[in-house]
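Student: Shown below is the structure under consideration.
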Amino acid sequence: IIGITVSKSENFSQWYQEVVLKAEMIEYYTEISGFFIMRPATMHIWNTIRKWFQERIEAMGVEETSFPMFLSQKSLEKEKDHVEGFAPELAWVTKAGDKDLEVPVAVRPTSEAVMYPYYSKWIRSHRDLPFRLNQWNSVVRWEAKQTTPFLRAREFLWQEGHTAHLTEQQAGEEVLQILELYAGIYEQLLAVPVVRGRKTEAEKFAGGYYTTTVEGYIPSNGRGIQGATSHCLGQNFSKMFDITVEDPNEKGKHIHVWQNSWGLSTRVIGVMVMIHGDDKGLVLPPRIAKIQSILIPVGLTAKMSAEEKEKHLKHLDELFYTLKKAGIRVEVDLREGYTPAWKFNDWELKGVPLRLEFGPKDAAKDVVSYARRDTGEKGTIPIAELTAKVPELLETIQQDMYNKADAAYRAHRVKITNWDEVVPALDAKNVVIIPHCLVPECEDKVKELTTGRSDDAADGPEGQKAPSMGMKSLCIPFEQPEGLVKGETKCLNPECTRLAEQWCMFGRSY
Ligand SMILES: O=C(C[C@H]1NCCC[C@H]1O)Cn1cnc2c(c1=O)CCCC2
Ligand SMILES: [Mg+2]
């Protein structure tokens, strides 16, 4: 088996590419760059997320829809102000067969412009509100930047929810409800901690009113990463697309509806891989692992008689069915011609959370031996206790993986009130929480001031490493630290004379 050839701490980006490839999650679509094939190991994770989220939004009254994947120039025109920033990412269809299309159509990069002309048609009375649709689909954004599996691709799977409400307050409630579900996907399924907060004016979705976000942290390089966003669009889009209802309190008067849109994509899988993986490969949280436990026969030496071997494998089969009946996603690896050690490496590479070994010595003691993928801890479980102990052990693994990642994130989000400590903190792989005025121009300045000058960049392969990137705002955490006195505490940017508005989390980021 050719396992992972580089160490995660040595060459993080190559480590990542190797893991997603060799764990059979992804295949590069070499015909066209920026596109990736997602394989069964990935689709199991995505479908687990989808089931979990779908069940909960249905309980909220969100219904499913499926809109066409193309949008017209005309409907794009309606939201031109904010789309122009994105125009370079639009993919266009200009021909069908050998004929040019009269009017070229764009492949959806998101579906506001596709859907909202119909929201205008369908939403007439306040009785139609709240109006809530979600669709699971893929979108295309022709990224100019370097792509990488899950984290930045030219086509990705996501869900996009689009809702309409009578009041700002009703919209605001839903924004936070959905954000909490996003946090739940990360924390309860992927064992990944996130910080909940609001995007600054500079980082929010330009077409919206405000953006709430869950922000992740990657210990390997100390960068922040946007996990998922839930936006209140205010009345911006209902004014662009004329989505109004009759005012229930005033005949003849019309109200522009208050809208939200919210999206979570397959990027979440990349975040999970980066945080939990190690030098042996993928490490999967049990709740989303396709195979939670792999059962491997050991100690079947050539000197064993055929009937002894037969008997042992029959016993193994019983254990397999016992675990399967207990609801464990368990497989048995009976492949001939491969040593147990080879099999151990293979399943470690694929991230299976719990290995169970069963040999004649185990049988003699009526136990099964186990090895945890996350900590490597080994032990034995009495066969009589298997159906209780294995689920328990899987839950312990899930919690321990979360707690470890949470401790790392907490230890690396540092509150700073002395500007000179900022760059050293970033270089020590931290994200920082600083008092900030929240003014966009000031953010640009902060980014500039924290960008490493190439002359002092450490020697890289070409003798000169790229200057370290500056820090961007990640979010204004809902959970604000103590110590900021309104009207007194200054913005931490030494070149800014404004007062600080709130504590804001900044970091180098994806
Ligand atoms: O997509 C959104 C807003 C919203 N879309 C629906 C799901 C939630 C949320 O992401 C923002 N956005 C990001 N990226 C792009 C666009 C864009 O509108 C449009 C053009 C291409 C690139
Ligand atoms: Mg983008």
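Student: Largest first and to the nearest Å, give the Cα extent of segment 301-427 along each principal axis.
Tutor: The Cα atoms of segment 301-427 stretch 74, 31, 22 Å along their principal axes.
Student: While we're here: Which entries in K447/K486; K22/K445; K51/K204 show an alpha-carbon gap greater than 32 Å?
Tutor: Long pairs (Cα-Cα over 32 Å): K22/K445.
Student: Quick one: 3J(HN,Hα) in Hz for segment 497-510, Karplus 6.51/-1.76/1.60 with θ = phi - 60°, rounded, Gly and Pro as x.
Tutor: 3J(HN,Hα) across segment 497-510, in whole Hz: 9, 7, 7, 6, 8, 8, 6, 10, 8, 10, x, 5, 8, 6.
Student: Taking segment 76-172, how much of its Cα-Cα pair set, in percent, is spaced more than 24 angstrom apart?
Tutor: When every Cα pair of segment 76-172 is considered, 38 percent fall beyond 24 Å.
Student: Note the direction-averaged projected area, equal to a quarter of the hull surface, for the Cα convex hull of segment 166-246, in nm².
Tutor: Averaged projected hull area, Cα only: 6.4 nm².
Student: I would also like to ask the following. Report the local net charge at Y119: Lys and Arg +1, Asp and Glu -1, summed over other residues whose C-beta lies under 10 Å from its C-beta.
Tutor: -2
Student: Could you give the length gained by full extension between A206 and E77, i.e. 0.36 nm per residue of separation minus their alpha carbon distance, to one decimal place?
Tutor: 44.9 nm
Student: Follow-up question, since we're still on this one. How about segment 165-217: which GluC sites (Glu not before Pro) there lie in a loop by DSSP and see at most 14 other Cβ atoms within 10 Å?
Tutor: When the GluC sites (Glu not before Pro) of segment 165-217 are filtered for loop state and at most 14 Cβ neighbours within 10 Å, E201 remain.
Student: Using a 7 Å offset from Cα along Cα-Cβ at S13, what residues in segment 194-235 end up with backbone N under 20 Å from the label point?
Tutor: What the label zone holds, given the 20 Å backbone N cut-off, is 217-226.
Student: Provide the gained length on full extension for the span M69 to E482, in nm with one decimal, where the gain is 0.36 nm per separating residue minus the Cα-Cα distance.
Tutor: Extending this stretch completely gives an extra 144.0 nm.
Student: Using the C-alpha atoms of segment 17-92, what convex hull volume per residue, in cubic angstrom, is computed?
Tutor: 169 Å³
Student: Go through L295, P285, H254 and say which Cα lies farthest out towards the positive end of the charge dipole of segment 248-304; charges sit on Cβ, +1 for Lys and Arg, -1 for Asp and Glu.
Tutor: H254
Student: Would you work out the relative contact order for the chain, in percent, from Cα pairs under 8 angstrom that are 6 or more residues apart?
Tutor: Reported relative contact order: 14 percent.
Student: Kindly write out, for segment 420-427 in residue order, the coupling ³J(HN,Hα) from the Karplus curve 6.51 cos²θ - 1.76 cosθ + 1.60 (θ = phi - 60°), rounded to whole Hz, with x marking Gly and Pro.
Tutor: Whole-Hz 3J(HN,Hα) from phi for segment 420-427: 5, 8, 5, 4, x, 5, 4, 5.
Student: Further question: When each pair of different Cα atoms in segment 333-377 is counted once in the 1/r mean, what is the Kirkwood radius in angstroms, to one decimal?
Tutor: Evaluated on segment 333-377, it is 11.4 Å.
Student: Beyond 15 Å, what share of the Cα-Cα pairs of segment 200-301 remains, rounded to the nearest whole percent?
Tutor: Of all Cα-Cα distances in segment 200-301, 76 percent exceed 15 Å.
Student: Taking 35 Å as R0, compute the FRET efficiency from the Cβ-Cβ separation of D317 and N47 and round it to 0.05.
Tutor: My answer for the efficiency is 0.80.
Student: So, one more: Eigenvalues of the Cα gyration tensor times 5, then square-rooted: what semi-axes does that give for the chain, in whole angstrom, largest first?
Tutor: 45, 30, 24
Student: Would you tally the net charge around R198, using a Cβ to Cβ cut-off of less than 12 Å, leaving R198 out, and scoring K and R as +1, D and E as -1?
Tutor: So the surrounding residues net to -2.
Student: Search the structure for amide H atoms under 5 Å from the amide H of R223, placed 1.01 Å from N in the peptide plane, and list their residues when 5 or more places away or on another chain.
Tutor: Sorted by chain and number, the residues that satisfy this are I218.
Student: Can I ask one more? Consider just the alpha-carbon atoms of segment 1-150 and return their Rg together with their Dmax, both in angstrom.
Tutor: So, for segment 1-150, Rg and Dmax equal 20.0, 63 Å respectively.
Student: Estimate the FRET efficiency between T497 and D427 by the formula 1/(1 + (r/R0)^6), using the beta-carbon distance for r and 35 Å for R0, to the nearest 0.05.
Tutor: 0.80
Student: Around E24, what is the net charge, scoring Lys/Arg as +1 and Asp/Glu as -1 over all other residues with Cβ under 13 Å from its Cβ?
Tutor: Summing Lys/Arg as +1 and Asp/Glu as -1 gives +1.
Student: Here is a further query. If you average 1/r over all unlike Cα pairs in segment 363-510 and invert the result, what Kirkwood radius do you get in angstrom?
Tutor: Result for segment 363-510, one decimal place: 18.9 Å.
Student: Further question: Can you compute the radius of gyration and Dmax for segment 344-409, using only the Cα atoms, both in Å?
Tutor: 13.2, 45
Student: List the lysines whose alpha-carbon lies under 25 Å from that of K303, not counting same-chain residues fewer than 8 positions away?
Tutor: Hits, sequence-local ones excluded: K311, K314, K343, K361, K365.
Student: Quick one: divide the alpha-carbon radius of gyration of segment 1-57 by 2.2 N^0.38 Å and tell me what you get.
Tutor: That ratio works out to 1.41.
Student: Next up: Show the residues, 5+ positions off or on another chain, whose built amide H is closer than 5 Å to the amide H of V192.
Tutor: Hits under the 5 Å cutoff: E187.
Student: Something else now. If each of E310 and I32 carries a label point 7 Å out from its Cα toward its Cβ, how far apart are those two points in nm?
Tutor: 5.7 nm
Student: Can you give me the % of accessible surface on the chain that is carbon or sulfur? Probe 1.4 Å, all protein chains present, nothing else counted.
Tutor: C and S fraction of accessible area: 52 percent.
Student: Moving on to the next point. Please give the charge dipole size of segment 329-447, origin at the Cα centre, charges +1 on K and R Cβ atoms and -1 on D and E Cβ atoms. Round to the nearest 20 debye.
Tutor: 120 debye
Student: Under 20 Å from the Cα of K378, which aspartates and glutamates turn up, not counting those fewer than eight places away in the same chain?
Tutor: D278, D279, E331, D333, D346, E348, E357, D362, D366, E392, E395, D400
Student: In Å², and per residue, what accessible area does the chain have when probed at 1.4 Å with the other protein chains present?
Tutor: 47 Å²
Student: Report the Cα centroid-to-centroid distance between segment 38-102 and segment 266-332 in angstrom, as an integer.
Tutor: Taking the Cα centre of each part, segment 38-102 and segment 266-332 sit 37 Å apart.
Student: A follow-up question, please. What does the extension gain come out to for E58 and K490, with contour length at 0.36 nm per residue minus their alpha carbon separation?
Tutor: 151.0 nm
The values are calculated or read from the model by the stated rules, or taken from the named source; none is laboratory data. A quick note: this is a predicted structure, and the numbers were derived from the prediction, not measured. Reconstructed Cβ throughout: ideal geometry from the backbone, glycine too, with neighbour counts over all protein chains shown. All accessible areas refer to the heavy atoms of the entire protein, side chains included, with ligands and DNA or RNA removed. Shrake-Rupley method; radii C 1.70, N 1.55, O 1.52, S 1.80 Å.
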